Every structure is written in structure tokens, then in C-alpha cells.
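Step one of this worksheet: look at the structure below.
The values are calculated or read from the model by the stated rules, or taken from the named source; none is laboratory data. Values in this document were obtained by computation on a predicted structure and should not be read as measured data. So basically every Cβ, Gly included, is an ideal-geometry build from the backbone, and we count neighbours across all protein chains shown. Note: areas computed on protein heavy atoms with side chains; ligands, DNA, RNA excluded. Shrake-Rupley method; radii C 1.70, N 1.55, O 1.52, S 1.80 Å.
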Amino acid sequence: MDRTFKALSLLLSYPTTELQAAMPEIAGVLMAENRLTTVARRDLSALLERLELRDIYEVQEQYVMLFDRSRTLSLNLFEHVHGESRDRGGAMVSLVETYREGGFDPATSELPDHLPVLLEFLSTRPFGEAQDTLADAAHIFEALEARLLRRESPYAAVFAALLQLSGEKANPEAVAELLKEPEVDPEDLEALDEIWEESEVLFGPDPNAGCPQVRDMLARMDEPVTPAPDVAAE
């Protein structure tokens with residue numbers, strides 16, 4: 001298992017007392033990760049410290065306000081590609097099939113495209129394969145990092161780390177397109193209701209539904225890749 005992807009998956013998960021107790025171990029994994037720069041590890045340490053030491057209810061509230069009540073910061077990746085359209089459902093069907101083919105059965109109620117779920121899956125795959133998958137989402141990571149930096153959130157460090165691990169420079173035009181989406185005050189419930197009033201997510205039968213970029217991401221996850229010799233795995 002690639003412990004770094006597992007650690008990043010946990011950092012982006014809903015904070016619990018159990019997760020707080022695991023922060024020293026998670027920090028040990030990430031601070032020893034030589035695929036990340038010194039700056040990236042330093043920035044991650046600020047988030048690790050906050051999640052470990054702050055009151056659990058405070059960090060839970062901050063998490064919800066960021067990721068659950070702000071659509072532009074959604075951790076469901078296909079949300080940034082398809083919104084709530086039928087195409088997203090088809091892409092998620094393909095993703096579920098990829099998980100099953102890889103022998104991965106996530107024990108969660110989250111949607112298949114939830115980033116912590118994807119990272120947990122990638123922790124079980126060869127690094128080269130995982131890197132290709134992250135590279136396809138580089139523009140999403142950069143847009144999320146930019147939005148989180150605007151809010152002065154230490155969670156931005158996770159997306160900076162994912163960009164580094166992807167080895168990809170995000171397409172500026174794709175990033176700019178994502179950043180055009182207006183941000184809504186997470187405390188403005190009326191505005192939030194209007195933003196979320198779109199078509200229902202439908203898990204259609206077509207596994208090839210969706211945009212070419214999503215199909216490429218899924219196709220790469222099916223390709224056999226020889227692991228790099230310096231993969232950090234256990």
C-alpha cells in the first residue's frame with residue numbers, strides 16, 4: 001500500500017476523534033515523503049497540527065462549511081466536470097467497475113468520485129498508475145487549492161501535495177474555467193438551495209458516458225503499469 005495516498009485520503013475525510021488520535025502517525029508518513037518538497041511538507045504540517053490540537057467540533061464545523069456546503073469546493077470530483085447531469089452518473093458507473101476490477105470495495109456511503117475514496121483506491125495501485133489518474137485531475141486540484149488559499153484554509157496544502165504527486169502542470173485555461181464558477185457564502189442557505197437545484201444524478205447504463213477527459217482518466221486506471229522502484233508502499 002502507498003501510505004502517502006492513504007494519509008492524504010484520511011486528511012480529506014470528515015474529522016473524528018479517531019482521526020485526531022491518528023494524526024501523529026499520519027504526520028510521520030507525510031513528513032517522511034521524499035516525493036514532496038520541503039515546502040509542501042511544511043504546509044501540510046500546519047493542517048496536521050490544527051486537526052490534531054483544535055477542538056473536534058470546531059474542525060468538524062470548518063470541514064462542513066468548506067466541503068459540504070460549498071459546491072465549488074466539493075470533494076466529489078465529477079461534480080466539477082459534470083455537475084449533477086446524467087453524464088456524471090455514467091462516469092461514476094465506470095468508476096465503480098474500475099474499483100471492482102481492482103478488488104476494491106470501499107466501505108463508505110460516499111459517492112464513488114469522492115476524492116478520499118479515490119485516494120484510498122489509488123493507495124492500492126502502482127504509483128505510475130496512480131500518478132496518471134491524478135494528472136488527469138490536475139486542473140481540479142489547482143482550482144481547489146486556489147479557492148482554499150483565498151479562504152486562508154490550511155487544507156490548500158493537500159491539493160498542492162496532490163499536484164506535486166501528479167507530476168503534471170495544470171492547464172491554465174481549464175483552471176480558469178473552473179474558477180469562473182461563482183462562490184456562494186456557505187451561511188446563505190437560500191443561495192445554496194438555488195445552486196444545488198439541478199438535475200438528479202442518474203447512474204445510467206452507459207459506462208462510456210461523460211466527457212473524453214473522464215473516459216481517459218478511467219481508461220488509464222485500467223492500464224497495467226510497472227511500479228516505480230522508489231514507490232513508498234508497505
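Screening residue 46 with (1) in contact (Cβ under 8 Å) with a residue 60 or more places away in the chain; (2) among the aliphatic types (A, V, I, L, M); (3) within 26 Å of residue 113 (Cα to Cα) gives one miss only, at (3). Counting only residues that are of a type in the set (A, V, I, L, M, F, W, C) and either part of a loop (DSSP other than H, G, I, E, B) or open to solvent by 30 Å² or more (accessible area, probe 1.4 Å) (or both), segment 23-32 holds 2 of them. Here residue 35 clears all of (1) modelled with pLDDT of 95 or more; (2) assigned to a helix (DSSP H, G or I) except the condition numbered (2). Out of segment 87-113, which residues are at pLDDT below 85, in a loop (DSSP other than H, G, I, E, B) and over 19 Å from residue 68 (Cα atoms)? Passing the criteria: 106, 107. In segment 94-110, which residue that is under 25 Å from residue 72 (Cβ atoms) and in contact (Cβ under 8 Å) with a residue 60 or more places away in the chain is surrounded by the most Cβ atoms within 10 Å (Cβ to Cβ)? Taking the candidates together, the pick is 95.
In segment 144-165, the residues that are within 24 Å of residue 123 (Cβ to Cβ) and in a helix (DSSP H, G or I) reach residues that are hydroxyl-bearing (Ser, Thr, Tyr) and modelled with pLDDT of 95 or more with C-beta atoms within less than 8 angstrom, at least six apart or across chains, in these pairs: 148/155; 164/37; 165/4. Can we say residue 157 is under 28 Å from residue 62 (Cα atoms) and modelled with pLDDT under 95? For residue 157, the condition - under 28 Å from residue 62 (Cα atoms) and modelled with pLDDT under 95 - is not met.
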